[in-house]
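Data first, discussion second: the structure below is written as structure tokens.
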Amino acid sequence: MTISEPAIPIKTYRFYFTTTSKVRLPDYPGSAWRGAFGHALKRTVCVVKNTPCNTCLLKNACAYPYIFETPPPANAEKMRKYNAAPHPFVFRFQSTGPESENAFNLDIILFGHGQRYFPYIVHALSSAGAEGIGSQQQVFSLQKIDDLNEHGIGETVYENGELKPQQSAACLNIPSMPKQIEITFQTPLRIKQDNKNMTAGQFSFGTLFSTLLRRVSMISYFHTDTPLETDFAALTAQAKTVQFQDQQLRWYDWTRYSSRQKTEMNMGGLIGTVQLDMSGLDAFWPYLWLGQWTHLGKGTSMGMGAYTIQSHKLANQENP
């Protein structure tokens, strides 16, 4: 079995916002921020008004379709039947305590070539906050941005309207594999099987890994210069034989309003923890670790499918 580790250059930026009143956003604010970000980004970069992106002459040179609609290139060998490839970003949200009720932080994680458009992203997120987020159109003012390393330590790259030159994105350093891990799904994990949402009783390591492997492969293919080359069939087959040591998952109901479809949409998913004995699972470890940044399942760009890995060996390390 030919196995290679995934190589996706990653950048994580933390945006620090303030607001004049107590933050009034839902538990999972990704939908509100993603929608506002998309509208602001299009206004920022679009020079051909009232033209659908897929018919625009500039679609292959424009930041908006690449970041937000991400169509597969015409010569793509993968996902040719799909309207959109994986986005080159995900949002990640930090819980804030009562001592910071007028402050709100959000992370945006960029994959591969997505970092090229970072100045556009800064402008769009700043504009989105200024125009108001959520049903109450709460205004947020961007104060600064930190470039976070993989241990969560930040260096300020934007403050007082000035953006410093950026270092290139780099692949993560994969730590040594612990003997046992606990995976905590922090935001709803939504996976479809036979056109139905997967329940806690149906969830397995085989499902988790095959979903993650496909996502990592697609991100590598569309957003980096090094498409993933590995034995997909062998990895997927081996994953089906792996069992969780313990599984404490439950369904979390969550709805969001789709401005495009003008309706409420059910976006519920699984949250909770699973435990895994990693003996003999060395081939899976780099993908599981990387998945903390890529997320998995549906709705990843709005922050869904986020998880962290903890173990006794890694207890003193910062997870994303």
Query raised in the report: What is the number of the single condition among (1) more than 23 Å from the chain's Cα centre (by Cα); (2) at pLDDT 95 or above that Gln202 does not meet?
Result: (2)
Requested in this report: Could you figure out which of (1) open to solvent by 30 Å² or more (accessible area, probe 1.4 Å); (2) within 19 Å of Ala306 (Cβ to Cβ); (3) part of a loop (DSSP other than H, G, I, E, B); (4) not β-branched (Val, Ile, Thr) isn't true of Arg214?
Outcome: (3)
**Report entry** Residue in the range 8-20 that is least open to solvent (accessible area, probe 1.4 Å), counting only those that are under 30 Å from Ala239 (Cβ atoms) and outside any strand (DSSP E or B)
**Finding:** Ile8
**Report entry** Subset of the range 28-69 (residues that are assigned to a loop (DSSP other than H, G, I, E, B) and touching a residue at least 40 places away in the same chain (Cβ under 8 Å))
**Finding:** Tyr28, Pro29
Query raised in the report: If Glu5 passes every condition in (1) open to solvent by 30 Å² or more (accessible area, probe 1.4 Å); (2) touching a Ser or Thr at 6+ places or on another chain (Cβ under 7 Å) but one, which one does it miss?
Result: (2)
Query raised in the report: Which residues, counting only those in the range 128-149, are closer than 28 Å to Ser220 by Cβ and either open to solvent by 90 Å² or more (accessible area, probe 1.4 Å) or among the aliphatic types (A, V, I, L, M) (or both)?
Result: Ile145, Leu148
Query raised in the report: With respect to Thr226, is the statement that it is part of a loop (DSSP other than H, G, I, E, B), open to solvent by 60 Å² or more (accessible area, probe 1.4 Å), modelled with pLDDT of 95 or more and hydroxyl-bearing (Ser, Thr, Tyr) true?
Result: no
Report summary line: Out of (1) in a strand (DSSP E or B); (2) closer than 16 Å to Pro9 by Cα; (3) out of contact with any Leu (no Cβ under 8 Å at 6 or more places or on another chain), the one Ile108 does not meet is (3)
Report summary line: Flagged in the range 111-131 as touching a residue at least 24 places away in the same chain (Cβ under 8 Å) and among the hydrophobic types (A, V, I, L, M, F, W, C), in numbering order, are Phe111, Phe118, Ile121, Val122, Ala124, Leu125, Ala128
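Please find, among Ser176, Ser135, the residue that is among the hydroxyl-bearing types (Ser, Thr, Tyr) and farther than 27 Å from Ala32 by Cα.
Details: Ser135 fails: farther than 27 Å from Ala32 by Cα.
Just one listed residue meets the conditions, Ser176.
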Query raised in the report: Given Val45, Val23, which one is of a type in the set (A, V, I, L, M), within 18 Å of Thr70 (Cβ to Cβ), open to solvent by 20 Å² or more (accessible area, probe 1.4 Å) and out of contact with any Lys or Arg (no Cβ under 9 Å at 6 or more places or on another chain)?
Result: Val45
Requested in this report: State which residue is modelled with the lowest pLDDT when the search covers only the range 150-169 and only residues that are loosely packed, with under 14 Cβ neighbours inside 10 Å and closer than 16 Å to Gln94 by Cα.
Outcome: His151
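Scan the range 257-272 and give yes if some residue there is closer than 16 Å to Ala7 by Cβ, at pLDDT 95 or above and surrounded by 14 or more Cβ atoms within 10 Å (Cβ to Cβ), otherwise no.
No, the range 257-272 contains no residue that is closer than 16 Å to Ala7 by Cβ, at pLDDT 95 or above and surrounded by 14 or more Cβ atoms within 10 Å (Cβ to Cβ).
The values are calculated or read from the model by the stated rules, or taken from the named source; none is laboratory data. Computed from a predicted model, the values in this text were never measured in an experiment. We place every Cβ from the backbone using ideal geometry, glycine too, and count neighbours over all the protein chains shown. All accessible areas refer to the heavy atoms of the entire protein, side chains included, with ligands and DNA or RNA removed. Shrake-Rupley method; radii C 1.70, N 1.55, O 1.52, S 1.80 Å.
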